[in-house]
Amino acid sequence: MVQSWKEFLTVQKREENQNSKMTTSLQQTMTYMNEHMAPDTSFDIVYRVIEVGGRQACIYFIDGFCKDELMMKILQYFIDLKPADMPENVHEMAKKATPYVEVDLKDAWSDILYSILSGVFALFIDGYDRCILIDSRTYPARGVEEPDKDKTLRGSKDGFVETIVFNTALIRRRIRSTELRMEMLNAGQSSRTDIVLCYMDNRVDHGFLDKVKRRIEEIQVDALTMNQESLAECLYQRKWFNPFPKFKFTERPDVAAAQVLEGDIVILVDNSPSAMIVPTSIFDIVEEADDYYFPPVTGTYLRLTRFAISILTYIMTPTFLLLMMNPEWIPESFQFIMLQEDPNIPLIAQFLILELAIDGLKLAAVNTPNMLSTPLSVMAALVLGEFSVNSGWFNSEVMLYMAFVAIANYTQQNYELGYALKFMRIINLILTAIFGLYGYIAAVLIFIFSVVCNKTLSDKSYIYPLLPFNPRQLAKRLLRLRLPEAKK
């Protein structure tokens, strides 16, 4: 926020200067550029004065963003250009005398500065009223190897990277249709982060598309510091207390391409190796690529198993706690589930401690160097396994059920859904321990209402096609059916 009138005038003057247009005077252009780009201070901003066809010219670009060999050839061409071959205007210069494909002309300072900071090569020539922008960018990038998180048993082994152009190319490679659109936007006053909306023009909901574009254009932040998560929080600011995810993230281009073909919008953010898919329902989040890389029977089994295990991770420990509080409800044939030893610590405390300990192990695994991961894993298994039971802190039955819950959380790859189930499970444990059966029922109702009353980003039902009920679409969501035939 501007603190004084003097600061307000300074900011206003800076914005007016950036919105103004360049002149034909090269000296004025160089003065403005050196003032804003500060090449004498920033070592990576390259600035050089040359002569092009008998006219004075200057170039600006960011070191490390341009292809060196290509720029040497282009500069050699410009320097060898004779005055007789020099076009009269900048349009002819860009059209006939610039030996490159991706060439653009800009006269607004804001557009010129944004292009240079994005890695575009800028050429200013005395007497021309526009800047020649040559897009010869190359970004530091890693290979498109398979992501560690979204692995599949079959299918392609490539994945998104931090360079947005590579990510759009991975989707283009899979969808060779003229209806595919890649629309570029940006957000963040300082970061000017590139955002690409990927969709099929003949399948997308254009009303929802306009809504997403409008929300991105209205974002008033200085920078998207956390990339996609910052963008997600700006796009959806309501009901923060509902933990169920509103977005689906994937690092696999085949999954993103499949969602685009289904009419969804895929949002790519520069410097982020994953795609954000909207709108997203609970059925979209539970789906995985392996469902479609196996025959329909196997894919259906995997999907239904994933649904069942997700429900078990929520109800297993609260149900066990409720039965231990009311042992007379346990049938005689299931008496073996009773505690073999009297607990030294209340069961609710054991469950809550282990819920916290599991997250502690996850954080430790993330920050553990690879060379130490094996010995520390063995130590954690011994300490939290046999030793913790023998010491009397935990009962073996509690350790068994919490071990199942911890492992079962990895049956689906969405972290947000896993933590949503975890939070709901903790609420159920606490309410069951305090109020017994009534607390258990109340917690289940809270869980159901949190899912049913949730809305997607397009303000539609979070559990469609279950509500409103659509039997054909529900069968498609639950069962892995054959691919539909193409329309003639």
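The values are calculated or read from the model by the stated rules, or taken from the named source; none is laboratory data. Please read these numbers as outputs of a predicted model, since none were measured by experiment. When we count neighbours, we look across all protein chains shown, and the Cβ atoms used for this are built from the backbone with ideal geometry, even at glycine. For accessibility, only protein heavy atoms count, side chains too; no ligands or nucleic acids. Shrake-Rupley method; radii C 1.70, N 1.55, O 1.52, S 1.80 Å.
Considering the convex hull of the alpha carbon atoms of the range 152-249, report its projected area averaged over all viewing directions, in nm², one decimal.
Averaging across all directions leaves 8.1 nm² for the Cα convex hull.
For the pair ASN367 and ILE311, how long in nm is the line joining their label points, each one 7 Å along Cα→Cβ?
It works out to 3.9 nm between the two label points.
Out of (i) 1.46; (ii) 1.00; (iii) 1.08, which label holds the value of Rg/Rh (Cα atoms, Kirkwood Rh) that was computed here?
Looking at Rg/Rh (Cα atoms, Kirkwood Rh) for this model, the match is (iii).
I want to check the label-to-label distance for ILE407 and SER110. Put each point 7 Å from Cα in the C-beta direction and report it in nm to one decimal.
The two pseudo-label positions are separated by 5.8 nm.
Between MET86 and ILE430, with labels modelled 7 Å along Cα→Cβ, what's the label distance in nm to one decimal, could you check?
In this crude spin-label approximation the distance works out to 7.5 nm.
State, as an integer percentage, the relative contact order of the chain based on alpha-carbon contacts under 8 Å between residues 6 or more apart.
Across the chain, relative contact order equals 12 percent.
Treating only the Cβ atoms of Lys and Arg (+1) and Asp and Glu (-1) as charged, compute the dipole magnitude of the chain about its Cα centre; round to the nearest 20 debye.
1380 debye
Under Stokes-Einstein, with the Kirkwood radius over Cα pairs standing in for Rh, what whole-number D in µm²/s applies to the range 234-322 at 37 °C and 0.692 mPa s?
Reported coefficient: 216 µm²/s.
Quick check: residue separation of ASP63 and ALA97 times 0.36 nm, minus the Cα distance between them. What number comes out in nm?
Gain on stretching ASP63 to ALA97: 9.8 nm.
Within the set of other residues whose C-beta is less than 12 Å from the C-beta of ILE62, count the net charge using Lys and Arg as +1 and Asp and Glu as -1.
-1
Tell me the net charge near VAL196. Cut-off is 13 Å between Cβ atoms, VAL196 excluded, with +1 for each Lys or Arg and -1 for each Asp or Glu.
Around VAL196, the charge tally is 0.
Please calculate how many Å² of accessible area the chain carries per residue, with a 1.4 Å probe and no DNA, RNA or ligand atoms counted.
About 56 Å² of surface per residue is accessible.
How much length is gained on full extension from ILE175 to ASN344, taking 0.36 nm per residue of separation minus their Cα-Cα distance?
54.8 nm
Using a simple charge model, +1 on the beta-carbon of Lys and Arg, -1 on the beta-carbon of Asp and Glu, nothing else, what dipole does the range 158-209 show about its Cα centre, in debye to the nearest 20?
In debye, rounded to 20, the range 158-209 gives about 180.
Over all Cα pairs of the range 322-363, how is the pair count split among 10 Å bins, expressed in % and running from 0 up to the last occupied bin?
Here the calculated profile for the range 322-363 is 23, 41, 27, 9, 0.
Taking only DSSP H segments of four or more residues, each worth -39500 (n - 2.57), what value at 222 nm results for the chain once the sum is divided by all its residues, to the nearest 500 deg cm²/dmol?
It lands at -14500 deg cm²/dmol.
Based on the Cβ-Cβ distance of THR225 and TYR139, what FRET efficiency does E = 1/(1 + (r/R0)^6) give at R0 = 22 Å, to the nearest 0.05?
Between THR225 and TYR139 the formula returns 0.70.
Under a Cβ-Cβ cut-off of 14 Å, what is the net charge of the residues other than ILE112 that fall near it, where Lys and Arg count +1 and Asp and Glu count -1?
-2
Would you mind telling me the share, in percent, of accessible area of the chain contributed by carbon and sulfur at probe 1.4 angstrom?
59 percent
Between ILE337 and LEU352, what length comes free when the chain is fully extended (0.36 nm per residue of separation minus the Cα-Cα distance, one decimal in nm)?
Answer, rounded to one decimal: 3.4 nm.
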